Amino acid sequence: MKVLLLCNGLLFLGLYVYVFRVRYLLGFQLAMNVTTVASGSVGLLYGVLLISLYPFQFIGITIATALISMGVGAAFGALFDYQTLLKGMVQGFMIGVMAPMLGALATGMDLFIWFLQVVVLILMGLVFFKLKRA
């Protein structure tokens, strides 16, 4: 599980670097979608993975996940404009608060974690594909 956290962090760092390079080519609608996908995916994955690693630290995991996903939303949103920054932070907060709840219900279900991982990889692939075409 800790390896998944590290790999996902590197994946989103790579996405951030790529979006940073092409940010002037993107319209505001695509920028909002990229920010929403990034903050939501980080919040969902980190919330479920962290609560499965530390199941008795629910409050701390919820706060940490909300702050991490808000930070990712702010970082991606700051590349574009204030509205996108605000959207990324709100999306990150909402997913960051809800993901540990979902993870607490799915504790011990590795199939669910791998399903989430595959869904996030598909979403990231769609984002990369759309950014290449923009």
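Bear in mind that the values in this text are calculations on the coordinates, not laboratory data. Quick caveat, the model's predicted, so the values are computed rather than measured. All Cβ positions, even for glycine, are placed from backbone atoms using ideal geometry, and neighbour counts span all protein chains on display.
Computed quantities for the displayed model
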| read-out | value |
| --- | --- |
| Out of 49, 102, 25, 45, sole residue that is touching a Leu at 6+ places or on another chain (Cβ under 8 Å), more than 20 Å from residue 9 (Cα to Cα), in contact (Cβ under 8 Å) with a residue 40 or more places away in the chain and among the hydrophobic types (A, V, I, L, M, F, W, C) | 102 |
| Residues being aliphatic (A, V, I, L, M) and under 16 Å from residue 102 (Cα atoms) - total across segment 1-59 | 9 |
| Subset of segment 38-64 [hydrophobic (A, V, I, L, M, F, W, C) and surrounded by 21 or more Cβ atoms within 10 Å (Cβ to Cβ)] | 38, 42, 44, 45, 48, 49, 50, 51, 61 |
| Selected residue (only one of 73, 77 is assigned to a helix (DSSP H, G or I) and farther than 21 Å from residue 51 by Cα) | 77 |
| Residue in segment 46-55 that is in contact with a Phe, Trp or Tyr (Cβ under 9 Å, 6 or more places away or on another chain) and hydrophobic (A, V, I, L, M, F, W, C) present | yes |
